[in-house]
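The values are calculated or read from the model by the stated rules, or taken from the named source; none is laboratory data. What you see is a predicted model, and the numbers here were worked out from it, not measured in a lab. Every residue, glycine among them, receives a Cβ derived from its backbone with ideal geometry; neighbour counts consider all protein chains shown. Ligands, DNA and RNA are excluded from the accessible area calculation, which covers all protein heavy atoms including side chains. Shrake-Rupley method; radii C 1.70, N 1.55, O 1.52, S 1.80 Å.
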Amino acid sequence: MSESDGLLDGLTAEQRDAVTTAASPLCIIAGAGSGKTRVLTRRIAWHAMEGGIDPRRVLALTFTRRAAAELRNRTRRLGIREEVAAGTFHSAALAILRRFWDHTGRRHPTLLDRRLSFLAAQHPKLDRSAVADLDAEIGWARARLINPEDYCDAAAAARRRPSRGAEFVARAYAEYGDTKRLRRLIDFDDVLALCHATMQRETAFADAQRWRHRHLFVDEFQDVNPLQFAVLRSLFGPDSTLVVVGDPDQAIYGWNGAEPEFLDDIDRHLPGTAVVHLRTNFRSTPEILAAAGRILDKEPQPAARFRGDPPTLTAAEADREPAAVALAVRARHKPGAPWRHQAVLARTNAQLPAFRVALEAAGIPTRSRGEGALLRRPEIMDLVDRWPKTGILAAVLADERSADGHRELDEERMAMVDAFLAMARDHLALEPDATVDDFVSALRFDDRVGTATDAVELATFHSAKGLEWPIVHLVGLEDGLVPISFARTRAARDEERRLLYVATTRAERELHVTWCPQRTVGGSLQRRPPSPWLDAFAGPDAEPVASPPVGVLREHVGEETPDIDLTDLIAPVVASLEEWRTAAARAAKVAPGAVLSDDTLRRIAELRPGSLTELADVPGVGGAKARRFGPRLLEISAPLE
């Protein structure tokens, strides 16, 4: 068997087709949890080993640095020695522009990395909310290639309602552009527009860039906006190959300028595109996928996991939802399981503080998605302050490797420094001649790295995109929140429906849903109609589960949850595991306890891990034993219902 054939091991037939087909352009429709990153990285590695592509000429475009880093790391582990260039649309476009400026001897314009602050300074009489609204409107217009003169008509057609009126936005938008030109400033939307214009105007330079990046891969293609698509088209030449991966059911950024129509009608935008589908979901149980299918009124995805428990639906008493969720989180915290295996997801950021208070009152650690951003951490700020802004990044990193200045940091802070240095090394693959300032400026645009603590995640539906947890709690499923009250058009409500689908499919094993029939709003108790999609979680015949009485909540929040004796329930599974262990120990000529301890067998029976990753997290197992014994252990423990 050849080395490239080994890359196909463990793939389903549909995944194998997506990896090996020579079609270009190619569109891979990848449903939630269908292994799209695995397919994308193996496709790069397989075609590189087969000689179909040169990995030095690959450019993978993503929407976050985290996704780009994951793609690079996986291709390295698959045996690709050459560094694959991967980055966000903005970082890739900025690298191309800097190449052009250096080639032509032009002075680099100053990069404005915070448009919001600039607009606030231009409009000192506006409050923060109005400035944020103005920033959002300008961003929406830029993403859709709408200039200030056309903004009013375009906003009316899209039924957008800026707080200060469309005419004010149009004037402020024009003034913003004029001021930037006078001061030789560019923002991140300018980076994309200038990159596209340069590729259109400078034909020789454009041909060189197409040769340099002649194998294009685009992740999350349903989130591409018209400006990003224009940049992509400018990079796609007659000798290029192109693979795009996306899922129309996960298109949730239309409010921000994304245009899922590029994916829905791809043959019109990229004629001759071949389409393959990844349908099987490897993340969630059949019960969770059935609920997700009911949300979209579609057939659910086929599930690769064993059956689990159906979602629970709790109608919480007025204003007691956070306490009810805290009690549910503690009840699901099994012995040996980390807190990070659970997440609380809400439609808006404004809902999350109440849940943080309730969880922390119950002694449950929490963290928020986006909290503790890397560049705002003291140890990183100190590190960057020591680096010369105009210094060559590669040289600075070489000096950092020989330095001995981080020993005084604790383990968590050292982990953050290591993560930052790894991101800097990854940036060099995209822009080998980058300066420190080039790297830091690019990082500010997409700084989404948070603290690495064992805690329950608090996140919005949007920020949970691309993530997954064994246990997910969806909160606030009331009309006005899900869908959000300002989703007035059919397109906006359809996007809200898809957003709930995305949140639902973050759950691997368990899904718990809550809502409040009454809430205190403005000092008075008001009735809250349920979300129109609430019944998807109850199923056709189930009734919503009543919440525990307030007295029970008050009694347990902040106290230890009484232990539950599972001995009788798990006894058959433990017996089967012990029988397997005896045979494995006999074959290895070791004592049974050297294979797995009695306590570890009981933990496996209690936790019912559904994947090798979950099995490796069980205390006493670890990665090596999970890889060696995993398939059989998962098979034995799965029948426990």
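Sum up the charges of everything whose Cβ sits under 12 Å from the Cβ of P529, counting Lys and Arg as +1 and Asp and Glu as -1, but leave P529 out. Before the final figure, lay out each step's value.
On the way: positive: R519, R527, R528; negative: E478, D479.
Result for the neighbourhood of P529: +1.
Taking the mean number of other Cβ atoms within 10 Å as a proxy for protection, how do you rank 139-151, 582-594 from highest to lowest? Intermediate results must be reported in sequence, preceding the final value.
Values: 139-151: 18.4, 582-594: 11.9.
Final packing ranking: 139-151, 582-594.
Provide R66, R74 ordered by accessible surface of protein heavy atoms (probe 1.4 Å), highest first. If you can, show how the numbers build up before the last one.
Working: R66 120, R74 75 Å².
Ranking R66, R74 by accessible area, largest first, yields R66, R74.
With the dipole of the chain worked out from charges on the C-beta (+1 for Lys and Arg, -1 for Asp and Glu) around the Cα centre, which of F236, G293, A350 lies farthest toward the positive end?
F236
Modelled label-to-label distance, R527 and T489, 7 Å Cα→beta-carbon offset: nm?
3.2
Considering only DSSP beta bridges with both partners in the chain, what is the antiparallel share in %, to the nearest 5? Don't jump to the answer; show the numbers that get you there.
On the way: 7 of 54 bridges.
Percent antiparallel among DSSP bridges in the chain is about 15.
Give, as a single signed number, the net charge of other residues whose beta carbon lies under 9 Å from the beta carbon of V245, with Lys and Arg counted +1 and Asp and Glu -1. Intermediate results must be reported in sequence, preceding the final value.
Details: positive: K36; negative: D219, E220, D247.
Here the charged neighbours net out to -2.
If you average the alpha carbon positions of region 265-313 and of region 321-373, how far apart do those two centres end up, in angstrom?
Between the Cα centre of region 265-313 and that of region 321-373, the gap is 27 Å.
Pop the C-beta distance of A575 and D17 into the FRET formula with R0 = 51 Å and round what comes out to the nearest 0.05.
Working: r = 42 Å, r/R0 = 0.83.
Efficiency for this residue pair is about 0.75.
Between E360 and T582, what is the FRET efficiency for a Förster distance of 56 Å, r being their Cβ-Cβ separation, to the nearest 0.05?
Values: r = 45 Å, r/R0 = 0.81.
Approximately 0.80, to the nearest 0.05.
Modelled label-to-label distance, E50 and T203, 7 Å Cα→beta-carbon offset: nm?
Going by the 7 Å Cα→Cβ label model, 3.5 nm.
How big is the charge dipole of region 42-184 about its Cα centre, in debye rounded to the nearest 20, if each Lys and Arg gets +1 on its Cβ and each Asp and Glu gets -1 on its Cβ? All intermediate terms of the calculation are to be shown ahead of the outcome.
Working: 30 positive and 17 negative charges, 118 e Å.
So the dipole magnitude of region 42-184 works out to roughly 560 debye.
Roughly how many nanometres apart are two label points built 7 Å out from the Cα toward the Cβ at D433 and R66?
Result for the modelled spin labels: 3.4 nm.
For the chain, report the accessible area per residue in Å² (1.4 Å probe, heavy atoms, rounded to an integer). Walk me through the numbers before you get to the answer.
Details: 29390 Å² over 641 residues.
With the other protein chains kept in place, the chain gives 46 Å² per residue.
Relative contact order for region 125-226: what percent, with Cα pairs under 8 Å and sequence separation of 6 or more?
Details: 39 pairs, mean separation 29.3, N = 102.
Normalised by residue count, the contact order of region 125-226 is 29 percent.
Report the gain in length on full extension from R628 to N349: 0.36 nm times residue separation, minus Cα-Cα distance, nm rounded to one decimal. It would help to have the intermediate numbers written out before the result.
Numbers: separation 279, 0.36 × 279 = 100.44 nm, distance 4.25 nm.
Computed gain between R628 and N349 is 96.2 nm.
Using a 1.4 angstrom probe on the protein heavy atoms only, could you order D319, D54 from most to least accessible area?
If we order D319, D54 from most to least accessible, we get D319, D54.
Among (1) 22; (2) 31; (3) 17, which one is percent of Cα pairs over 48 Å apart computed from these coordinates?
Comparing each candidate, only (3) matches the computed number.
Work out Dmax and Rg for region 50-134 from the C-alpha atoms and quote the Rg first, both in angstrom.
Looking at region 50-134, its Cα Rg and Dmax stand at 18.9, 62 Å.
Order of 455-467, 35-47 by packing, highest average Cβ count within 10 Å first? It would help to have the intermediate numbers written out before the result.
Numbers: 455-467: 20.4, 35-47: 22.9.
Result, highest mean first: 35-47, 455-467.
I need to check one value: relative contact order of the chain, counting alpha carbon pairs closer than 8 Å and at least 6 residues apart, in percent.
On the way: 1013 pairs, mean separation 101.4, N = 641.
Relative contact order here is 16 percent.
At 1.4 Å probe size, with the rest of the protein present, what percent of the exposed accessible area of the chain is carbon and sulfur atoms?
Values: 14910 of 29390 Å².
Carbon and sulfur together cover 51 percent of it.
Percent relative contact order of region 231-389, based on C-alpha pairs within less than 8 angstrom and at least six residues apart? Don't skip to the answer; put the middle values down first.
Values: 87 pairs, mean separation 18.9, N = 159.
With pairs under 8 Å counted, the relative contact order is 12 percent.
Evaluate the charge dipole of region 218-356 about its Cα centre and quote only its size in Debye, nearest 20, assuming +1 on the Cβ of each Lys and Arg and -1 on the Cβ of each Asp and Glu.
I would put it at about 900 debye.
Let's test the formula: R0 of 51 Å, r as the Cβ-Cβ distance of K589 and A158. What FRET efficiency results, to the nearest 0.05?
Working: r = 72 Å, r/R0 = 1.40.
Computed FRET efficiency for K589 and A158 comes out at 0.10.
So how strong a dipole does the chain carry about its Cα centre when Lys and Arg Cβ are +1 and Asp and Glu Cβ are -1, to the nearest 20 debye?
Working: 86 positive and 93 negative charges, 221 e Å.
Dipole about the Cα centre, nearest 20: 1060 debye.
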